[in-house]
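Engineer: Got a structure for you, questions after.
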Amino acid sequence: MGAVFTGGWPWACYAFLVGYFRRSKIESVALASLGLAVGVVAYYLMKGILATLGGMYSSGASSSGIALWGVLAFFFGAPLGFLGNLAQAPGIGGLFFRLLVPLVAFYETSMRLETEARGPSQVVLGTWTTVRFAALAVAIAMVSHAVWGWWRSRRIGSAGVGVG
């Protein structure tokens, strides 16, 4: 779990999904920002508490680190919530927005595999590789579903037009 939550994509996914499941654009923006900020602060507080209990130092769990990431989360949550709300558009119209999270996950984990390949353990590398392939599979499934729906609606529409 630690390997997954050190990346930015699950946090982006959270804010995006908050926006996706809200009808109002204003609610999408506000709730994604607030939820992401609260989630990031809670994450760093728990990280700090667990490190203290284990007698270790936790980088980023200082009050200035929590404040910085909390503020950044608040400001990045708004556009992600808004984009999630736009992803509600059915069919190919919302496809680009729905593909944002899988593409971000694929890109981020690819960069991590490239730059940090020697540092992390095999478990972390395996986790990033799994996320990368899952993101690719989800993106392919989303595109396939949108194209299938578009093709099917065209076929049904053309079959309904006939000589009467």
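The values are calculated or read from the model by the stated rules, or taken from the named source; none is laboratory data. Given the structure is predicted, the values throughout are model-derived calculations rather than measurements. Note: ideal-geometry Cβ built from the backbone for every residue, glycine included; neighbour counts use all protein chains shown. These area figures cover heavy atoms from the full protein model, side chains too; ligands, DNA and RNA do not enter into them. Shrake-Rupley method; radii C 1.70, N 1.55, O 1.52, S 1.80 Å.
Engineer: Give me the residue from the stretch 1-23 that is hydrophobic (A, V, I, L, M, F, W, C) and in a loop (DSSP other than H, G, I, E, B) and, out of that set, farthest from Phe74 (Cα to Cα).
Structural biologist: Result: Met1.
Conditions tested, residue by residue: (1) at pLDDT below 90; (2) open to solvent by 70 Å² or more (accessible area, probe 1.4 Å).
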| site | (1), (2) |
| --- | --- |
| Gly8 | yes, no |
| Tyr14 | no, yes |
| Val18 | no, no |
| Phe21 | no, yes |
| Lys25 | no, yes |
| Ala30 | no, no |
| Ser33 | no, no |
| Leu36 | no, no |
| Tyr44 | yes, no |
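Engineer: Could you please tell me which pairs satisfy a Cβ distance under 7 Å, a separation of 6+ or placement on different chains, a first residue in the stretch 31-52 that is of a type in the set (D, E, K, R), and a second residue that is surrounded by fewer than 17 Cβ atoms within 10 Å (Cβ to Cβ)?
Structural biologist: Lys47/Ser58
Engineer: Is it true that Leu113 is on the phi < 0 side of the Ramachandran plot and more than 11 Å from the chain's Cα centre (by Cα)? Even if it seems obvious, please write down each step before you answer.
Structural biologist: On the way: on the phi < 0 side of the Ramachandran plot: yes; more than 11 Å from the chain's Cα centre (by Cα): yes.
Taking the combined requirement at face value, the residue satisfies it.
Engineer: Filter the stretch 98-116 for residues that are of a type outside the set (Asp, Glu), without any contact (Cβ under 8 Å) to a residue 24 or more places away in the chain and open to solvent by 50 Å² or more (accessible area, probe 1.4 Å); which is farthest from Cys13 (Cα to Cα)?
Structural biologist: Once the filter is applied, the top-ranked residue is Thr115.
Engineer: Return the total of residues in the stretch 24-56 being assigned to a helix (DSSP H, G or I), polar (S, T, N, Q) and in contact with a helix residue (DSSP H, G or I) (Cβ under 9 Å, 6 or more places away or on another chain).
Structural biologist: 2
Engineer: Moving to a separate point now. Among the residues that make up the stretch 57-76, is at least one of them more than 15 Å from the chain's Cα centre (by Cα), under 27 Å from Ser144 (Cβ atoms) and assigned to a loop (DSSP other than H, G, I, E, B)?
Structural biologist: Checked the stretch 57-76: no residue is more than 15 Å from the chain's Cα centre (by Cα), under 27 Å from Ser144 (Cβ atoms) and assigned to a loop (DSSP other than H, G, I, E, B).
Engineer: When only residues in the stretch 118-149 that are at pLDDT below 85 and open to solvent by 50 Å² or more (accessible area, probe 1.4 Å) count, which is nearest to the chain's Cα centre (by Cα)?
Structural biologist: Going through the qualifying residues, I end up with Val123.
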